[in-house]
Every structure is written in C-alpha cells, then in structure tokens.
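The next block holds one structure in the form of structure tokens; read it before the comments.
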Amino acid sequence: MLTLENVSVSYGAIEALTDISLTVNQGEVVTLIGANGAGKTTTLRTITGLLEPKNGRVVYEGKTISGMATHRLVPMGIAMSPEGRGVFANLSVRENLEMGAYIRNDKKGIADDMERAFTLFPRMKEREQQKAGTLSGGEQQMLAMGRALMSRPRLLLLDEPSLGLAPLVVHSIFEAIDEIRSEGTTILLVEQNANAALQHSDRAYVMETGRIVMEGDSKQLAADPRVKEAYLGE
Amino acid sequence: MDTFVQQLINGLTIGSIYALIALGYTMVYGILRLINFAHGDIYMVGAYAGFLLATLVFNSEPSIFAFVIVLLGSMAIAAAIGMAIERFAYRPVRKYSRMTTLITAIGMSLFIEYLFVFIFSGTPRSFPQLIQNDNYTIFGSATISASQMLIFAVSILLMITLQYIIFKTKIGKAMRAVSFNINSAKLMGINTDFVIAFTFAIGSALAAAGGVLTAQYNPKIEPLMGIIIGLKAFVAAVLGGIGNIPGAVLGGLLIGAAETLVVGYGNSIGIPSTYRDAVAFAILILVLLIRPAGLLGTNVQEKV
Ligand SMILES: Nc1ncnc2c1ncn2[C@@H]1O[C@H](COP(=O)(O)OP(=O)(O)OP(=O)(O)O)[C@@H](O)[C@H]1O
Ligand SMILES: [Mg+2]
C-alpha cells in the first residue's frame, strides 16, 4: 500500500534520513521505533508531503506521491495525527472534528462518523463545545486521532500518540489503535514506547540516526536481545 | 456637552473606517504573521474603483441603488486585486524569510501608489455624490449626515457578515484553523493557499468599502490617500491586539474617537488640534510600552 524507496531527506545541510526503504501492506499495523532524533517524525512528514525527499520516492497505492501537496493526499486516503497532536486550540472539539472532515460533503456520513469518534473516545462527547486548547494532553491526543479518522482514511499515520501520557491513558490509546485496525484501517505507528508498539503491531522497523537498522516481525523483534537491551530496557 | 456628542459622532465615523481597514491587517497578520503594508493602498484602490464605477452607473440623480452597485462593485474589484497581489507578489517569496515578505509588501505599497499617480495623476478627483447627503439633528443639537449614517450602517452590516463567515461557515473555520496551525490544516486536506487568498480577498473588500464610504463623506480622492489612514488603521489593529478581530474594531473606534476629541478639546489642555495625526502614533507608543499584546490580544499558550 505504501512504499518508501531509498528516501533521503535533509534539513538544509543536515541529512536527517539516509536511504530509508520501508513498506506497509494493506491491513497491517506497522511500527517505527527509535530513540529521540532518529528521524521518525521526519519520515512521517516526508510521507505526508510536508517535506520533500532529496533522493528516492514515496509510492502510495501505485502512485508516486513525493512532491505532491499535503492537502491533496487526504482525498487519496492518507491521514495523520502529528507529533505534538496539532489540535486547533482556538476551535471547539466539534469544530476540530469538522475540520477532520473538511474534504467531505456528505452531511449524514460526517454526522455518523462524529458519533463513531465519540464512541471511540467518549470523553470527546462530554467536551464537544469546549475549546480544544482547554483539553488535557490525553484528551488532545484522542481528539487528534478522532480528527484524523474523520476523513475516513485507508492509511493512518500516528506520531507518538502515547508521548507524555499516564499509563492508564496510554492503555486506552492503544485500545483505540486496536479498534481502528479492526475496522480495516492500515496504520503506521511511530512510537518511543517500544514495548506497547511491538505488542500492538504486526511488523516493525527500528531507526537509528536516520537509517533503518532492523526490521521484522514485531513478536520476533520484541524477543531480539539487541532490541531488548536498547529499546525495552531489559 | 453637545459639542462632545458631536465630536463623538464624528470620531466614531472615522473610527468605523479605521476599523474596516484594521480588520484586513489583523486577518492577514493572523494567518501569515505578515504586516501587509500595501493594505492601506487597497483602501485607495477601492475609492478609485468606486469612482470609475460611479462614472459608469451614475446619472447625476442621487440614488441608494447606484451607491450599492458602486460599493459592491468596488469591493469585488479590490478583492480580485488583493488576491492577485497575494498570488503574484507574496506567495512566491513566502517560502523565504518573513522579512522578505515584509519588504515585498513595502515595495508593493509604493508600486500601487505610484502606478495610480501615473495613471490618474496626483491631482485629487472629486467623487460624485451618490446619495442625498441631508443632515439630521439628533440628541438635541448634534447633527449627523446621511453619509455618516451610511458609514455606520454599512460598517455594522459588514462586521456582522464577517463574524458570520468566520464562525459559521466552513471556509471561516478553515481560516481560523490555518491561523492557528498551518501544517495541521494541510493535514486536514485544507488547501491553505486558497484559504490565504480568500483572507486577502475579504480584507481587501472591507478596505475598499471603507474607501467608497469615506469618499461619500469627504469626496476628495487621490492616489496617496491610503498612506496615513492605513498607518492609523494598522495602529488600531495593534491597539486591539493584532490578529484579534473584535480587537481591530475596538481599536479603530477608539483611535477615531481619541483623535477627534483631541481636535475638539486639545487646545484647552495645551495640545494643538494640528496634532490630530500624531494621536494614533502616541497611542501606538503607549500600547507597545504598556500592553504590547493589545487590549484584547492574548499570548495563547500552546498546550503540548
Ligand atoms: N526543522 C528542523 N530543522 C533542522 N533539523 C531538524 C528539524 N526537525 C528535525 N531535525 C533534526 O532531524 C533529526 C531527526 O528528527 P526527527 O524529529 O525526525 O526525530 P524523531 O525520531 O521524530 O525524534 P523524537 O522521538 O524526539 O520525536 C534530528 O537530528 C533533528 O534534530
Ligand atoms: Mg518525533
């Protein structure tokens, strides 16, 4: 469904990604783990067209999408919950969800999907009219994910959804991820919480300083001594 | 007391015009963090567009119908010109530093001013009287002219419409989203270039309405008429809190009232009425010293 072919990306003179290749197949949950500054966010920003690769290309459902404007990828079925959540603090929770459905015009379908988002994250329902800026970090994360789902994506990119959240909230975020995948959405999940990410995914890639250093089945990687030592704190 | 009411009416009249122009500054700033120096000139362009339309539709018989056509026509023309400026002057340089865009805006301002001097010469033109400009007595002995009432009525109508667009329509919500976080907006599938162009269109149309309304009130137009009023409207936007829409309206009205009162009463407290134009800038200095965020401005803290 999504393939990165030998992608390199630079910020000015600094190369942040070097020769990255990865694949996400239809229906999978794939996770990308790695330490701070490894290049995970840069990878997602490149997929969504916020950055352009210097070399290589991004292919989605058979089409080269690198170089395309970000807003044109949403109607093709790509949505992202960005690092830091990126909710519109000056808009209400409901308006944030409406913005998630910006590309759609089917009023009925949008209303249904909003109900679905509220079922997935009941706390959003209680805070419907509240400004998103007044939500807690965990609630903002739920809103960012709910908002991304409002475009009915086929591929959902999540950038560190569990960052900075209490264990209980992390748990409900990962439950939501399982729920979203069970509805047939393909997910590329960036995480520093390698433990949870490996448990809730099919395959994984490990990044270090802009390169992919390991890849494989999530269960196998979780058992790999190198991964255990470097990322699972064992 | 009566002269006070009269001064206030006159001050709020000019203040409404400042407010209309300040809205464009504040909206563009909100979305691009750009001070669009050419915005005052769009007010002038609006007045000239109205002047040209008036010579087409006006048959010397005052009529509110002719006025409405001239007003809407000049707003549409200014909107198109505002979008063209954004598209061909600002968008190409937006990817460089903010300073580059700012300098481009200053250049654009001078370009518009001297293009109009070149086309229309610097000689003032007389704007035709499109409506019957009668005077009415209110509050005992204060007078208000029909053109002043028109300024109030049209300004209020436009501000209500703007409020509706920004808070109730899809494009308005997109404008607020883009102004808060442009990358998140792109990820929603929002064509942010279109939203930015739309913002320029609305701001320019409001400035043009200000130009036509002023020309009805004080029928002398000339190519450099947008400079001082543009600066004052900018001060109004800063006073209200740049980026804040109600703030722009409040700032405009306050500056209009303050400068008229200085003209009216300044002499008695030792401020000559010739200092009128200095009032706005004195206020600007005070705001920057005391409350840089402006009256209604807040430094929104982003939650991470
Ligand atoms: N806008 C930028 N300008 C310059 N360098 C940047 C920029 N954004 C990221 N970098 C650099 O690129 C490298 C990769 O950063 P990236 O944000 O992709 O890492 P990450 O894996 O997402 O880290 P984290 O887990 O902390 O979010 C880092 O060395 C970072 O300093
Ligand atoms: Mg990151």
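Miscellaneous remarks
- Loop-resident GluC sites (Glu not before Pro) (DSSP state other than H, G, I, E or B) in segment A:146-213 with no more than 13 further Cβ atoms inside 10 Å of their Cβ: A:Glu183.
- The 3J(HN,Hα) values that the Karplus relation (6.51, -1.76, 1.60; θ = phi - 60°) gives for segment A:44-57 are, in residue order, 5, 5, 6, 4, 8, x, 6, 10, 10, x, 7, 9, x, 8 Hz. Gly and Pro appear as x.
- Note, ³J(HN,Hα) from phi for segment A:105-119, Karplus 6.51, -1.76, 1.60, rounded to Hz, x at Gly and Pro: 10, 7, 3, 4, x, 5, 4, 4, 5, 5, 4, 4, 4, 5, 5
- Each Lys and Arg adds +1 at its Cβ and each Asp and Glu adds -1 at its Cβ; summed about the Cα centre, chain B shows a dipole of about 1160 debye.
- Listed values for segment B:179-192 are Karplus-derived 3J(HN,Hα) couplings in whole Hz (6.51 cos²θ - 1.76 cosθ + 1.60, θ = phi - 60°), namely 5, 7, 7, 5, 5, 4, 4, 4, 5, 7, x, 7, 7, 5, and x replaces Gly and Pro.
- Local electrostatic count, B:Gly226, Cβ distance below 12 Å [Lys/Arg +1, Asp/Glu -1]: -2
- Beta bridges from DSSP with both residues in the protein assembly as shown: antiparallel share about 60 percent, rounded to the nearest 5.
- Comparing Cα centroids, segment B:228-255 and segment A:187-234 end up 54 angstrom apart.
- Order of B:His39, A:His71 - criterion: other Cβ atoms within 10 Å of each residue's Cβ, fewest first: A:His71, B:His39
- Chain B - mean residue ellipticity at 222 nm from DSSP helices (-39,500 (n - 2.57) per run, n ≥ 4, rounded to 500): -24000 deg cm²/dmol
- Top positive-direction residue, dipole computed over segment B:2-290 with Cβ charges, set B:Gln6, B:Leu34, B:Ser126: B:Leu34
- Charge dipole (the protein assembly as shown, unit charges on Cβ, about Cα centre) - positive-most of B:Phe88, A:Gln140, B:Tyr217: B:Tyr217
- Student exercise, the protein assembly as shown dipole from Lys, Arg, Asp, Glu Cβ charges, in Debye to nearest 20: 560 debye
- Here segment A:1-78 is assigned +1 on the Cβ of each Lys and Arg and -1 on the Cβ of each Asp and Glu. Its dipole about the Cα centre then comes out at about 180 debye.
- For A:Ala16, distant residues with modelled amide H under 5 Å away: A:Val9, A:Ser10, A:Tyr11
- Taking amide H atoms as placed 1.01 Å from N in the peptide plane, the amide H of A:Leu32 lies under 5 Å from those of A:Leu189, A:Val190, A:Glu191, A:Tyr205, each 5 or more residues away in sequence or on another chain.
- Positive-end residue, the protein assembly as shown charge dipole about Cα centroid, Cβ charges, pick of B:Phe200, B:Leu53, A:Phe174: B:Leu53
- Percent antiparallel among DSSP beta bridges (both partners in chain A, rounded to 5): 50 percent
- Of A:Lys107/B:Lys186; A:Lys131/A:Lys228; B:Lys170/B:Lys220; A:Lys131/A:Lys219; A:Lys107/A:Lys131; A:Lys54/A:Lys108, pairs whose Cα-Cα distance is over 32 Å: A:Lys131/A:Lys228; B:Lys170/B:Lys220; A:Lys131/A:Lys219; A:Lys54/A:Lys108
- For A:Met80, nonlocal amide neighbours, meaning residues 5 or more places apart or on other chains whose placed amide H falls under 5 Å from its own, are A:Leu157.
- Shape of segment B:168-304, Cα gyration tensor, a/c cut at 1.5: oblate
- Exposure proxy shown here: for B:Met27, B:Met159, A:Met76, the number of other Cβ atoms within 10 Å sets the order, fewest to most, as A:Met76, B:Met159, B:Met27.
- For segment B:2-290, the equivalent ellipsoid derived from the Cα gyration tensor has semi-axes of 30, 23, 19 Å, listed largest first.
Values quoted throughout were computed directly from the atomic coordinates according to the rules given, and no laboratory measurement underlies them. Being a predicted model, the structure only gives us computed values, none of them experimental. Methodologically, a virtual Cβ is constructed for each residue, glycine included, from the backbone with ideal geometry; neighbour enumeration extends over all protein chains shown.
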